[in-house]
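As structure tokens, the structure follows; a few thoughts come after it.
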Amino acid sequence: MAFEIIHFRDAEKILKEKRMIKDVTITCEYLFEQLAGTLYRREILRAALDTMDWMEERVDLNILPGRRYRYKGVKGDVAMDGSFSSYEYLHTGLFRLQLGYDKGTVESGILLLPSTRSEKSPYGNTADMLREEMEMLFPTISLPVTICLFDLGEPFVPEDN
């Protein structure tokens with residue numbers, strides 16, 4: 001599995017209304033192609049999202065006015081955030097997206113996360129764990145959100161000679 005897209009709280013309905021289902025899938029495919037096996041993902045992610053028009057100049061990416069906290073991208077009132085460092089970014093990312101939803105600046109969110117976790121984890125399949133966790137986070141996290149789980153593999157690190 002390269003990536004898996006999971007919708008919560010009618011996020012898929014919102015994306016369909018905005019005619020963005022295919023756009024989100026294509027964006028995830030492109031992100032996977034660009035990021036799989038890479039080491040420095042932050043800059044590559046920014047460039048990839050810019051290529052896929054998630055970094056439109058007219059859109060304000062700031063989460064809170066006057067602060068440096070920013071979404072990774074925004075398109076059509078849908079904000080994108082995420083981190084490929086750890087699955088636990090789930091809570092931070094959901095909080096950031098929920099702020100925009102509560103303030104009325106975004107209609108829905110997309111969260112990018114890694115699907116891989118420690119081999120010692122007792123929780124089994126990441127997607128199943130995510131579904132269970134999203135149920136537990138309601139009503140605190142109530143926004144419609146699409147979560148994309150990526151298996152980007154181990155980063156390629158060149159050997160020193």
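The values are calculated or read from the model by the stated rules, or taken from the named source; none is laboratory data. Since the model is a prediction, treat every value here as computed from it, not as a measurement. FYI the Cβ positions are ideal-geometry reconstructions off the backbone, even for glycines, and counts take in every protein chain you see. The accessibility values were calculated without ligands, DNA or RNA, using every heavy atom of the protein model including side chains. Shrake-Rupley method; radii C 1.70, N 1.55, O 1.52, S 1.80 Å.
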Discussion item. How many angstrom lie between the Cα centre of segment 127-150 and the Cα centre of segment 23-56?
Written reply: 22
Discussion item. Tell me which chymotrypsin sites (Phe, Trp or Tyr not before Pro) from segment 40-92 have a DSSP coil assignment and no more than 15 other beta carbons within 10 Å of their own.
Written reply: 40, 69
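Working with all protein chains in place, sort 91, 7 by solvent-accessible area computed with a 1.4 Å probe, largest first.
91, 7
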Worksheet item: Among the DSSP beta bridges whose two residues both lie in segment 69-114, what percent are antiparallel, rounded to the nearest 5?
Response: 40
Discussion item. Using only the Cα atoms of segment 4-92, what are the Rg and Dmax in Å?
Written reply: 13.4, 36
Worksheet item: Which semi-axes, in whole Å and largest first, does the equivalent ellipsoid of segment 39-142 have when worked out from the alpha carbon gyration tensor as the square roots of 5 times its eigenvalues?
Response: 25, 18, 11
Worksheet entry | Cβ-defined net charge surrounding residue 64, 12 Å radius [Lys, Arg +1; Asp, Glu -1] | +3
Worksheet entry | Per residue value of the accessible surface for segment 1-120 (all protein chains in place, 1.4 Å probe), Å² | 58
Worksheet item: Can you give the relative contact order of segment 59-117 as a percent, counting alpha carbon pairs under 8 Å and 6+ residues apart?
Response: 34
Worksheet entry | For the chain, calculated [θ]222 nm from helices alone, where every DSSP H run of n ≥ 4 adds -39500 (n - 2.57) | -11500 deg cm²/dmol
Fill in: Heavy-atom accessible area order for 136, 80, 129, largest first, 1.4 Å probe
136, 129, 80
